[in-house]
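The structure appears right after this line, and notes come after that.
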Ligand code: GLU
């Protein structure tokens with residue numbers, strides 16, 4: 001039998017990092033075992049489900065490159081099937097019509113509470129058949145009255161719940177629509193899901209689902225409940241903590257490899273290894289090695305992983321992601337160095353690709369504004385002579401590459417008997433508009449020679465203005 005996992009998000013918002021991690025663990029486990037991975041959209045909550053969320057979920061999965069082998073299935077397209085199973089449960093005596101009103105059910109709970117008993121439906125309609133006419137009714141599952149349900153959880157170990165604790169849960173509302181626990185059970189059964197990987201916020205649903213599966217004569221899958229992700233305040237990660245939607249991480253300049261690697265480690269470990277290629281993840285990941293306790297989201301660590309991948313992945317590949325950010329920032333990269341070259345010189349200078357794009361604009365666009373503090377510090381009257389001389393030497397170069405450029409700067413300093421910095425810094429401000437750039441010779445070599453000369457003129461004009469004002 002093929003091992004089958006699934007990711008079953010409700011499309012009521014974007015794909016957040018918790019969901020992405022669940023999807024990753026499900027996907028990895030299927031990959032590792034040569035199994036299938038299903039995407040199932042649990043859109044039965046019509047009011048809260050949106051097409052935009054469905055798109056966001058798929059965008060996130062695609063960006064992270066977690067391809068599903070089956071689906072996407074949509075629960076709203078399976079209502080007939082849910083009806084059929086509800087009928088089956090009624091026919092086999094595993095479900096019953098419940099005519100109790102909401103007020104009556106509340107009263108039952110209050111009564112149980114007053115007696116110090118478990119607050120639940122008291123089973124009033126469990127065995128009754130004296131149905132009132134034309135009255136709405138819900139359908140409840142006849143939960144076993146005694147015995148235990150054991151969840152053999154691959155992460156948390158065995159969890160035993162006594163049936164006495166469990167309610168006769170509603171499987172169909174009075175308008176006939178099925179409830180979450182019923183749809184999940186039918187789907188996991190029909191889709192032959194062998195391993196349910198999900199957040200441990202669902203753990204209280206699991207015994208209910210197991211009981212329904214047993215009543216249906218369906219195989220009970222293995223379960224792996226993954227602990228929550230917490231924000232830096234120790235509370236469950238949510239929108240309050242800032243960027244938690246997967247695509248926000250793309251927008252913020254993270255590589256999908258970095259987010260995946262960060263997420264795989266957030267809740268799972270393999271010795272003290274931190275960096276995992278996709279192949280390594282597939283080989284080494286196992287559900288049983290997941291942490292039992294919640295993990296805290298740590299942006300600094302994500303940044304560290306992102307820097308690792310920006311520096312070590314093939315620059316040509318990183319450049320494809322940088323291209324997206326350049327476009328996003330309106331930088332036309334047609335006239336200028338290949339983005340791959342930018343990646344090579346900027347990767348160890350930034351935290352994100354967004355930042356890389358921001359600091360690389362001068363490679364593609366001329367500017368008239370220069371950084372004010374860099375001007376103040378480095379374009380003083382005394383630098384006019386070095387700028388003029390270095391311009392002359394740079395203009396004379398026939399081989400516009402790093403080594404001769406370096407020599408031209410060096411020779412200027414030697415001739416004027418000043419330190420390299422007295423030539424290099426003004427030149428850097430002239431060529432890039434600011435006081436920070438990668439190694440100057442390489443930076444200039446990536447720029448067009450005529451462009452550099454024109455920018456030196458522009459800087460000399462700034463110096464002249466200062467001289468005139470002093
Ligand atoms: N649709 C549920 C959710 O998004 C997940 C259900 C499941 O994995 O069983 O929380």
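Values in this text are rule-based calculations from the coordinates and carry no lab data. A quick note: this is a predicted structure, and the numbers were derived from the prediction, not measured. All Cβ positions, glycine included, derive from the backbone under ideal geometry; neighbour counts span all protein chains shown.
Some values worked out for this structure:
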| read-out | value |
| --- | --- |
| Theoretical gain in end-to-end length, residue 32 to residue 272 [0.36 nm per residue, Cα-Cα removed] | 84.3 nm |
| Relative contact order (percent, whole number), segment 355-426, Cα cutoff 8 Å, 6+ residue spacing | 33 |
| Under 17 Å from the residue 115 label point (7 Å along Cα→beta-carbon), backbone N, segment 144-179 | 145-146, 164-168 |
| Relative contact order for the chain, counting Cα pairs under 8 Å that sit 6 or more residues apart, in percent | 12 |
| Translational diffusion coefficient (Stokes-Einstein; Kirkwood radius from C-alpha pairs) of segment 45-121 at 25 °C, 0.890 mPa s, in µm²/s | 145 |
| Mean-position separation - Cα centroids, segment 204-254 and segment 25-88, in angstrom | 14 |
| Global geometry of segment 164-210, whether rounded, prolate or oblate, following the gyration tensor of its Cα atoms and the 1.5 cut on a/c | oblate |
| Along each principal axis, Cα extent of the chain, largest first, Å | 106, 45, 39 |
| Calculated FRET efficiency for the pair residue 81/residue 251, C-beta based, R₀ 51 Å, to 0.05 | 0.85 |
| Computed FRET value (nearest 0.05) for residue 48 with residue 417, which takes r as the C-beta separation and R₀ as 51 Å | 0.10 |
| As computed over segment 343-467, the Cα convex hull volume per residue (Å³) | 100 |
| Point-to-point label distance, residue 163-residue 368, nm (Cα→Cβ direction, 7 Å offset) | 8.3 |
| Percent RCO, i.e. relative contact order, over segment 418-470, from Cα pairs under 8 Å lying at least 6 residues apart | 32 |
| 222 nm mean residue ellipticity, helices alone, for the chain (DSSP H n ≥ 4; -39,500 (n - 2.57); rounded to 500) | -14000 deg cm²/dmol |
| Debye equation applied to the C-alpha atoms of segment 367-440, log10 I(q)/I(0) at 0.17, 0.18 Å⁻¹ | -0.60, -0.67 |
| Inter-label distance for residue 288 and residue 450, nm, one decimal - labels placed 7 Å from Cα along Cα-to-Cβ | 6.9 |
| Distance (nanometres) between label positions extended 7 Å along Cα→Cβ at residue 240 and residue 298 | 2.3 |
| Cα gyration tensor shape for segment 147-288, rounded if a/c is under 1.5, else prolate or oblate | prolate |
| Three-way shape label, segment 1-92, alpha-carbon gyration tensor, a/c 1.5 | oblate |
| Fraction of beta bridges assigned by DSSP in the chain that are antiparallel (%, nearest 5) | 50 |
